[in-house]
Amino acid sequence: MSNASTTTDPFLYDRSGRHYDLTDPRWRGDDGTALAFSALPGITPDQIVTSERSLWRYQAAIPVDARHRVSLGEGCTPMVPLGWDGRRVHFKLEWFNPTSSFKDRGVAVMVSHLVGQGTEHVLEDSSGNGGSSVAAYSAAAGIRAKIIVPESTSAAKILQARAYGAQIELVGGTRDQVSNEAIRQSEQIAYASHNWHPFFLQGTKTVAYEMWEDLGFSAPDNVVLVAGAGSNILGCDIAFSELLAAGQIEHRPRLLVGQPEHWATIADTVNGLDPAARGERVPTIAEGASIAHPTRLPEAVEAIRRSGGAAVAVPEEAIRAAVRKLASRGLYAEPTSCVATAALDHFIADGTIGAGETTVVVLTGAGVKSSEKMISVFEQDINSNQG
């Protein structure tokens with residue numbers, strides 16, 4: 001651990017300003033807050049390893065020794081342009097990652113870092129996708145994984161983590177109660193938390209590097225995201241900040257964020273509202289975004305504001321409508337992903353997204369991973385066809 005502020009080497013720091021070496025085996029600061037990376041240099045097009053068909057093509061921007069790399073081919077996901085309510089919108093299909101979720105980006109880098117530290121057993125808490133991803137990459141790395149999962153999680157997501165050989169522990173209560181149990185157990189097992197571990201965001205940021213490359217080394221005007229804990233918000237903020245500092249883009253894209261209305265802590269805070277005023281937390285079909293107390297709330301809010309962006313609380317029926325609307329265009333996205341599409345519709349309707357602007361919507365996971373939730377959306381259609 002170091003308190004020096006003059007070093008040019010990258011370091012971690014907590015909200016109190018205390019600095020830590022990257023080799024320090026910790027996942028939060030001494031003040032109990034999440035750790036962030038010091039500013040890292042962006043990269044130029046000539047630094048991309050074009051022969052590499054994974055996020056590791058951006059190795060120059062990833063602070064992990066390549067000797068410890070654990071990869072299943074994550075990244076390089078398609079970005080499909082579609083006509084959408086009078087706009088041309090690019091949909092980033094993150095379900096093309098190995099476990100069908102964007103979480104693979106962050107987990108690949110996080111597990112690579114942990115392997116480099118000699119870690120042999122990891123712990124994660126997850127409503128599904130994060131746990132499946134940690135289980136998969138732990139299996140690839142040859143290390144043990146324990147996943148603590150809410151009892152309400154989709155059976156398909158739990159099955160996937162079990163299939164990779166992970167130990168599963170089901171915990172009742174809210175998503176935050178599950179997280180608290182994992183933090184308690186982290187005293188004995190290395191905590192590979194996608195919500196807490198700073199190296200996770202160093203993988204998540206590569207989605208923005210891909211946008212930059214795929215758009216001819218330019219930035220979009222808008223990036224539309226669903227947020228639970230806000231890791232995609234922070235990943236995009238980190239990458240676009242690096243690219244701006246490196247002189248590779250001319251402007252910072254606006255981050256336009258949607259959250260389920262009863263789990264809209266980030267959106268409410270951005271909009272100057274009290275999240276507690278919404279009353280009881282009602283279960284949402286977008287289970288992956290049902291996080292009441294995001295670990296990095298201040299940082300996520302600041303990232304949205306820094307981008308000149310906006311955030312909206314999305315009603316449940318709008319999420320369901322977005323699932324159906326995407327499916328009608330051939331995109332079978334899980335309901336959590338579809339919060340971003342509902343937000344897209346909102347920001348088009350209120351004029352936030354202009355007709356001539358370049359907009360990317362990140363679809364974080366596949367509908368096949370949320371079979372029960374998808375059935376509830378299409379139940380009426382299924383019943384009418386059977387009749």
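The values are calculated or read from the model by the stated rules, or taken from the named source; none is laboratory data. Computed from a predicted structure; not experimentally measured. Heads up, the Cβs are rebuilt from the backbone with ideal geometry, glycines too, and the neighbour counts pull from every protein chain shown. Just so you know, the surface numbers come from the protein's heavy atoms only, side chains and all, with ligands and any DNA or RNA stripped out. Shrake-Rupley method; radii C 1.70, N 1.55, O 1.52, S 1.80 Å.
So, with +1 on the Cβ of K and R and -1 on the Cβ of D and E, and no other charges, what is the size of the charge dipole of the chain about its Cα centre, to the nearest 20 debye?
On the way: 33 positive and 44 negative charges, 95 e Å.
The calculation lands at about 460 debye.
Peptides 202-210, 93-101, 57-65, 324-332 ranked from most to least packed, by the mean per-residue count of other Cβ atoms within 10 Å: 202-210, 93-101, 57-65, 324-332.
Under 1.5 on a/c is rounded, so check that first for region 114-207, then, if it is not, pick prolate when a/b is larger than b/c and oblate when it is not; a ≥ b ≥ c are the square roots of the alpha carbon gyration tensor eigenvalues. Before the final figure, lay out the partial values.
Working: a/c = 1.37, a/b = 1.29, b/c = 1.07.
Because its axes are fairly even, with a/c under 1.5, region 114-207 counts as rounded.
Taking 22 Å as the cut-off for C-alpha to C-alpha distance, list the pairs among Lys157/Lys373; Lys157/Lys205; Lys146/Lys205; Lys103/Lys205; Lys103/Lys325; Lys205/Lys325 that go past it. Among Lys157/Lys373; Lys157/Lys205; Lys146/Lys205; Lys103/Lys205; Lys103/Lys325; Lys205/Lys325, the Cα-Cα distance tops 22 Å for Lys157/Lys205; Lys146/Lys205; Lys103/Lys325; Lys205/Lys325.
Which percent of the accessible area of the chain is formed by carbon and sulfur heavy atoms (probe 1.4 angstrom)? Don't skip to the end; give the middle numbers.
Numbers: 7320 of 14870 Å².
After summing per-atom areas, the C and S share lands at 49 percent.
For the chain, give the share of DSSP beta bridges that are antiparallel, in percent and rounded to the nearest 5; count only bridges with both residues there.
30 percent
Taking the charge dipole of the chain about its Cα centre, with +1 at Lys and Arg Cβ atoms and -1 at Asp and Glu Cβ atoms, the residue from Asn129, Gln177, Gly75 reaching farthest to the positive side is Gly75.
Taking only protein heavy atoms and a 1.4 Å probe, what accessible area per residue, in Å², does region 285-387 have with all protein chains in place? Please report the intermediate quantities before stating the final value.
Numbers: 4040 Å² over 103 residues.
Computed with neighbouring chains in place, this is 39 Å² per residue.
Highest first, please rank the peptides 344-356, 277-289, 221-233 by the mean number of other Cβ atoms sitting within 10 Å of their residues.
Values: 344-356: 15.8, 277-289: 17.8, 221-233: 27.7.
Result, highest mean Cβ count within 10 Å first: 221-233, 277-289, 344-356.
Mean sequence separation of contacting Cα pairs (under 8 Å, at least six apart), scaled by the length of the chain, corresponds to a relative contact order of 16 percent. Under 18 Å from the Cα of Lys92, which aspartates and glutamates turn up, not counting those fewer than eight places away in the same chain? Cα-Cα hits under 18 Å: Glu74, Asp104, Glu210, Glu213, Asp214, Asp221, Asp237, Glu334, Asp345, Glu357. Between the listed residues Ala155, Ser307, Gln188, the Cα displaced farthest toward the positive end of the dipole of the chain, a dipole computed from Cβ unit charges relative to the Cα centre, is found at Ala155.
Note that region 122-214 presents 31 Å² accessible area per residue, ligands and nucleic acids not counted, probe 1.4 Å.
Summarising the amide proton neighbourhood of Ile353: residues at separation of 5 or more, or on other chains, whose placed amide H is nearer than 5 Å comprise Ile348. Among 183-190, 159-166, sorting by the average number of other beta carbon atoms lying within 10 angstrom of each residue, highest first, gives 159-166, 183-190. Give me the distance between the Cα centres of region 176-255 and region 99-125, rounded to whole Å. Spelled out, the Cα-based centre of one part sits 15 Å from the other.
For the chain, complete DSSP H runs whose alpha carbons reach 15 Å or more along their own long axis and whose mean Kyte-Doolittle score is -0.5 or higher are 103-116, 129-141, 231-245, 316-327, 335-349. Counting heavy atoms of the protein chains alone, Leu244 has an accessible area of about 60 Å² for a 1.4 Å probe.
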